[in-house]
Amino acid sequence: MTVNLEIDGEIAIVTIENPPVNALSGVVREHLLALADALDGDPNVRAVVLTGAGKLFVAGADIAEFDRPPEPPFLPDVVARIEAAAKPWIAAIRGAALGGGLEVALGCRFRVATAGARFALPEINLGIIQGAGGTQRLPRIVGVAEAIRIVAENHSPNGKEALRLGLVDALVDEPLVPGAVAFAQAVVGQALPPASRERVVSAPAANVWTEAEARITAGARGAAAPPQALQALKHGIEHGVEAGLALERSTFLALRATEEAAALRHLFFAERAALRPGDLRALSPRPIETVGVVGGGTMGSGIAAALLNAGLSVVLIEQDEASVLRARSILAGLYESSRRRGLMSDEVASGWMARLETIIGYGAAGRCDLVIEAVFEELAVKRSVFAELGRVCRPDTILATNTSYIDPRLIADGLPGPERFLGLHFFSPAQVMKLLEIVPTPDTAPDVLATGYDLARRLGKVPVRSGICDGFIGNRILRRYRAEAEALVCGGVDIAAVDAAMRAFGFAMGPFEMQDMAGLDIAYLYREAARARGMPVPDMPGDLLVRAGRKGQKTGGGWYDYAAGDRRPKTSMDAQRIVAPLVGAKKEMAGEAIVSRLMATMAEEGHAILTEGIALAAADIDLVEVHGYGFPRKRGGPMFQAGRLGKT
Ligand code: T1G
């Protein structure tokens, strides 16, 4: 890790080299500050080119430092020193200039970039705001409206757009540094342009602020940082750059110390670690270009859409013409919604339908590099599918099941080449949900497992490895979470109070609203199956509701009542009457108490899962909950929560 200095005639070239992303760690800041002083004092140097080594400029401050109190030299001071330099500093940008990296570039008098460069101030994704002048210098360069989009709404212009906005002064082709040196030689001797912070910015019409506040507050969904980033930007426009810088910094420092920011940092690093598990790093995944999907129902079609969105070719296997037509109409709908949601580039969209082949029978499965089975959750049905696949597929074809409950070892039993088999558990809707539970069997070959992770990376999924147990990681914790929520109701706590508490905590829905949407019969059938196996499973309020025909939204009522065509839950006297035999005297319980009770239950099950080796790390359990079960991102996950309470 260092900051290199080279001299090319009258031009000094300063290169930040701090792999993997040139983060502005303490040592880098020290070097930059010392160099700024030294180069200002060097009469032979008339301009400075600042760049980053490798594929990008700078990915920002070193996020890993944020769990510790800020250490000098502070980044705002480094930026201010570069900005105050007697000679022009020219930022030469290739790849990403993010967060503090863009702020350093804004401190330079000039910026040049390649057309493919990317500019962003993504601090809000970490529960913080910019901390080194981004909210003040950016609007003075690109104007208030554009700055609001970049500072508080995650807009990230590329090089071309940055030139149009005036964020960069010129686009240069590779090799970048010689182009930047030529630019520097051209500006040497010219009067220095005003520093970013001194540039005049016209205050926008009042409606710009009110509209932005409404838009950003709504988009933030309760996240603290975006509205505060806007406030800091606005404060500087209305009260001057010094006041703006001061508010920005105090806000940054305050947010940096919050649980929300710690939770988002936890997930930032967990998501990256999840993609590169240590035991598979040295392995090369198998090449996957054509993927077979058996079953074109909701899950199968969603998986097919996720594969097509990622540019892969899909052979969707069904058993008859009617099923093929149904699958194609589902996929046509998913294509439209993926387009609308911007889930695929124009390039991918153009070949989407052409890369989809739907067939009856297993004939074409022999051409597939991987086949994912997504048929009905019944062992015999799944085994018959793999009997066919074992017969027609190439010996090196990877075979995967999307089961969410059945033991994959039972499904693979007797399959020729069991080392090529594993569980790939997608979550509905599979083209949207980011979680992929990867469930190897004892026979699964390491490179097959590595291929599962590589597929997750290509689909933009978050892979989490799960051992084999009932419900793997996610559904096992869900079962405990729901059982504990029902236990609260049995204890006299109001159904709606439990849901309200979990929504206030950050969930989009409480456990009962969620179950009404998914259907109460899934859990009921699971319990009935256990009872049929002779297990002593006591009746739960949900069982009484299902036996009374209340399966949730699909039957017009479950825990709540629903008017026809209306998904809004209404308190149900019928439901309360039906569950009354299992419910004790009415009891008031504070929202926080409800939350900590359910959090403790999830963490307790998480600990058991860790102890049994079903999950490799507590952070993996948090990723499952956040990316598969709607756990609020700003809370980090049940294990993170337990850690905060010192219960790990
Ligand atoms: N600090 C520390 N480590 C970082 C890092 C950072 N800013 N960015 C990435 N890493 C690590 C990451 O954990 C992984 O580590 C490796 O680099 C490769 O990352 C004052 C306060 C740059 C687009 O939010 O968006 O500046 O797993 O797998 O897919 O206002 O990383 O190998 O051990 O993601 O090629 C603002 C965060 C900081 C940008 C590259 N900056 N990074 O993506 O690789 S706050 C960000 C990214 C700030 C100032 C404020 C991406 C990337 P490991 P990767 P990638």
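With contacts taken as Cα pairs under 8 Å and at least 6 residues apart, region 546-648 reaches a relative contact order of 14 percent. Put a plus charge on the Cβ of each Lys and Arg, a minus charge on the Cβ of each Asp and Glu, and nothing anywhere else: the dipole of region 426-507 about its Cα centre is then about 260 debye. Beta bridges from DSSP with both residues in region 46-186: antiparallel share about 5 percent, rounded to the nearest 5. Cβ-Cβ distance of LEU525 and GLU592, R₀ of 30 Å, FRET efficiency by 1/(1 + (r/R0)^6): the value works out to about 0.30.
Which of the three applies to region 96-211, rounded, prolate or oblate, going by the alpha-carbon gyration tensor with a ≥ b ≥ c and a/c under 1.5 meaning rounded? Write out the running numbers ahead of the final one.
Numbers: a/c = 2.00, a/b = 1.49, b/c = 1.34.
Prolate shape, in that a/c is at least 1.5 and a/b is the bigger ratio.
Rolling a 1.4 Å probe over the protein chains gives GLU153 an accessible area of about 60 Å².
Which entries of LYS382/LYS554; LYS434/LYS551; LYS382/LYS634; LYS551/LYS586 show an alpha-carbon separation above 30 angstrom in the structure shown? Listed pairs above 30 Å: LYS382/LYS634.
Quick one: Cα convex hull volume of region 570-648, Å³ per residue? Write out the running numbers ahead of the final one.
On the way: hull volume 12.0 nm³, N = 79.
Here the figure is 152 Å³ per residue.
Peptides 538-548, 626-636 ranked from most to least packed give 626-636, 538-548, packing being the mean of other C-beta atoms within 10 angstrom over each peptide's residues. Relative to the Cα centre, the charge distribution of the chain, modelled as +1 at Lys and Arg Cβ and -1 at Asp and Glu Cβ, gives a dipole magnitude of about 960 debye. Close amide-amide hydrogen proximity is noted between THR358 and LEU316, each under 5 Å apart and 5 or more residues distant or on a separate chain (H modeled in the peptide plane; Pro and chain starts excluded).
The mean sequence separation of alpha-carbon pairs under 8 Å and at least six residues apart, normalised by the residue count of the chain, gives a relative contact order of 9 percent.
Under the shape rule built on the C-alpha gyration tensor, where the axes satisfy a ≥ b ≥ c, region 466-557 is oblate, since a/c reaches at least 1.5 while a/b does not exceed b/c. How much accessible area does MET535 have with a 1.4 Å probe, in Å² rounded to the nearest 10? Near enough 90 Å² of accessible area. Count the DSSP beta bridges whose two residues both fall in the chain, then state the antiparallel fraction as a percent rounded to the nearest 5. Given both bridge residues lie in the chain, the antiparallel proportion sits at roughly 30 percent.
Please give the charge dipole size of region 153-222, origin at the Cα centre, charges +1 on K and R Cβ atoms and -1 on D and E Cβ atoms. Round to the nearest 20 debye.
On the way: 6 positive and 8 negative charges, 30 e Å.
Approximately 140 debye in magnitude.
Between the Cα long axis of helix 495-505 and the first principal axis of the chain there is an angle of about 20°, rounded to the nearest 10.
The packing ranking, built from the mean of other Cβ atoms within 10 Å per residue, places the peptides 413-423, 3-13 in the order 413-423, 3-13, highest first.
Taking only protein heavy atoms into account and a 1.4 Å probe, give the accessible area per residue of the chain in Å².
Values: 26180 Å² over 648 residues.
For the chain, the solvent-accessible area averages 40 Å² per residue.
Projecting the Cα atoms of ASN475, ALA97, PRO43 onto the dipole axis of the chain, where Lys and Arg carry +1 and Asp and Glu carry -1 at the beta carbon, places ASN475 farthest toward the positive end. Taking the C-alpha atoms only, the angle from helix 298-309 to the longest principal axis of the chain is near 20 degrees. Largest to smallest in accessible area, the residues VAL104, VAL200 fall in the order VAL200, VAL104 (1.4 Å probe, all protein chains included).
Ranking SER350, SER323 from most to least accessible surface, computed with a 1.4 Å probe over the protein chains only, gives SER350, SER323. Using only Cα positions of the chain, each an equal point scatterer, no hydration layer, compute I(q)/I(0) via Debye at q = 0.08 Å⁻¹ and quote the log10 values to two decimals. Here log10 of I(q) over I(0) equals -0.71.
Over all orientations, region 475-634 has a Cα convex hull whose mean projected area works out to 9.8 square nanometres. Among the GluC sites (Glu not before Pro) found in region 536-626, those both in a DSSP coil and sparsely packed, with 13 or fewer other Cβ atoms within 10 Å of their Cβ, are GLU588, GLU612. TYR362 contributes about 50 Å² of solvent-accessible surface, heavy atoms of the protein only, 1.4 Å probe. The order of THR298, THR51, THR358 by accessible area, most exposed first and with a 1.4 Å probe, is THR298, THR358, THR51. Among 121-133, 247-259, 85-97, sorting by the average number of other beta carbon atoms lying within 10 angstrom of each residue, highest first, gives 121-133, 85-97, 247-259. Counting only protein heavy atoms, what percent of the accessible surface of region 374-437 is carbon or sulfur at a 1.4 Å probe? C and S fraction of accessible area: 60 percent.
The values are calculated or read from the model by the stated rules, or taken from the named source; none is laboratory data. Predicted model, so just to flag it, every value in this text is computed and none were measured. A quick note on method: Cβ atoms are made from the backbone with ideal geometry, for glycine too, and the neighbour counts reach across all protein chains shown. Calculation scope for accessible area: heavy atoms of the full protein, side chains included, ligands and nucleic acids excluded. Shrake-Rupley method; radii C 1.70, N 1.55, O 1.52, S 1.80 Å.
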